Amino acid sequence: SNPTWVALLAIFSKLGLSTINAGRCLGLIFGALTLLEIVLLFSLVVKGGERYGYLAAIAVATAPPYLFWSQTGLENGLFLYLVMISWRLGVQEDRDRGRFPYSAISLFLLAVTRPEGIMYSIVFGAWKLAAILSNSGKESIKRLLLWSAIIIIPFGVFLIWRYSVFGALVPNTFFAKVNNGVRANLRVGTRYLLGFLNHILWAPVVIPVVIAIFRKGRLEGSARRVL
């Protein structure tokens with residue numbers, strides 16, 4: 001299910017270290033790097049966005065699911081980090097058309113980290129296609145083809161490998177989760193959703209604090225303009 005994560009843990013296993021401890025440490029590291037990517041992304045897309053980025057990072061960092069899953073030793077921290085760095089790289093590539101499409105590399109790794117990761121490539125591809133339609137040109141089309149090839153070719157090779165080894169294009173966990181019937185799947189999905197909503201009840205407590213910081217920033221900005 002998670003080849004990229006397993007490959008990282010295999011390095012520590014080869015060095016004779018505990019993969020459980022390595023997974024937990026890596027999860028915390030990638031969790032911290034994800035918060036940094038949030039700040040960097042806000043600084044790119046919002047004027048004076050660094051402050052808002054810190055607020056967003058604090059909101060994410062205090063979310064119970066984020067705190068819990070970042071230290072379990074699973075691939076969640078890596079997956080979220082790849083999502084955020086792909087987003088930031090995509091924004092930079094959209095602004096500087098001459099940049100190498102590094103976001104394609106991170107999106108490929110995302111697709112191999114967890115099965116649903118390939119859906120992010122579809123979303124990013126639609127975004128890039130929309131940008132081309134609004135500003136067409138041969139160079140833009142070439143860049144999109146290069147970006148697509150960096151994802152599709154190695155991911156296609158990966159799917160061939162998976163099928164040759166396991167006899168299926170999707171991991172075993174897919175069959176374990178969907179072979180229980182529609183009713184059972186809906187019941188499990190509803191339980192997941194309710195559990196998630198239960199864990200984000202902290203959000204209303206944070207909102208007034210965020211609003212107060214926003215207002216303070218605006219008042220300070222207004223005071224500087226008056227002076």
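The values are calculated or read from the model by the stated rules, or taken from the named source; none is laboratory data. What you see is a predicted model; the values in this text were computed from it and never measured. In this analysis, Cβ positions are derived from the backbone assuming ideal geometry, glycine residues included, and neighbour counts consider all displayed protein chains. Ligands, DNA and RNA are stripped out before the accessible areas are found, and what is left, the full protein with its side chains, is counted by its heavy atoms. Shrake-Rupley method; radii C 1.70, N 1.55, O 1.52, S 1.80 Å.
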Suppose each label sits 7 Å from its Cα in the direction of the beta carbon; what would the Asn185-Leu159 distance come out to in nanometres?
1.9 nm
If a/c stays under 1.5 just call it rounded; otherwise compare a/b with b/c (prolate if a/b is bigger, oblate if not). Do that for segment 99-161, with a ≥ b ≥ c from the square roots of the Cα gyration tensor eigenvalues.
prolate
Alpha carbon centroid spacing (whole Å) that separates segment 114-170 from segment 1-60:
23 Å
What relative contact order, as a whole-number percentage, does the chain give when Cα pairs under 8 Å and 6 or more residues apart are counted?
19 percent
Kindly identify segment 9-110 as rounded, prolate or oblate by the Cα gyration tensor criterion: order the square roots of the eigenvalues as a ≥ b ≥ c, call it rounded if a/c is under 1.5, otherwise compare a/b with b/c, prolate if a/b is larger, else oblate.
oblate
Would you rank Phe166, Phe174 by solvent-accessible area, highest first, keeping every protein chain in place and using a 1.4 Å probe?
Phe166, Phe174
With a 10 Å cut-off between alpha carbons and a GNM built on the chain, which of Gly195, Gly73, Gly31 moves the most?
Gly195
Classify segment 45-159: rounded, prolate or oblate, from the alpha-carbon gyration tensor (a ≥ b ≥ c, eigenvalue square roots; a/c under 1.5 rounded; otherwise prolate if a/b is larger than b/c)?
oblate
Return the calculated 222 nm mean residue ellipticity for the chain, to the nearest 500 deg cm²/dmol, obtained by summing -39500 (n - 2.57) across DSSP H runs with n ≥ 4 and dividing by the residue count.
-27500 deg cm²/dmol
For segment 1-56, the percent of accessible surface on carbon and sulfur atoms (probe 1.4 angstrom, ligands and nucleic acids excluded) is 69 percent
Percent relative contact order of segment 3-137, based on C-alpha pairs within less than 8 angstrom and at least six residues apart?
24 percent
If you roll a 1.4 Å probe over the heavy atoms of the protein chains, what accessible area per residue do you get for segment 93-185, in Å²?
64 Å²
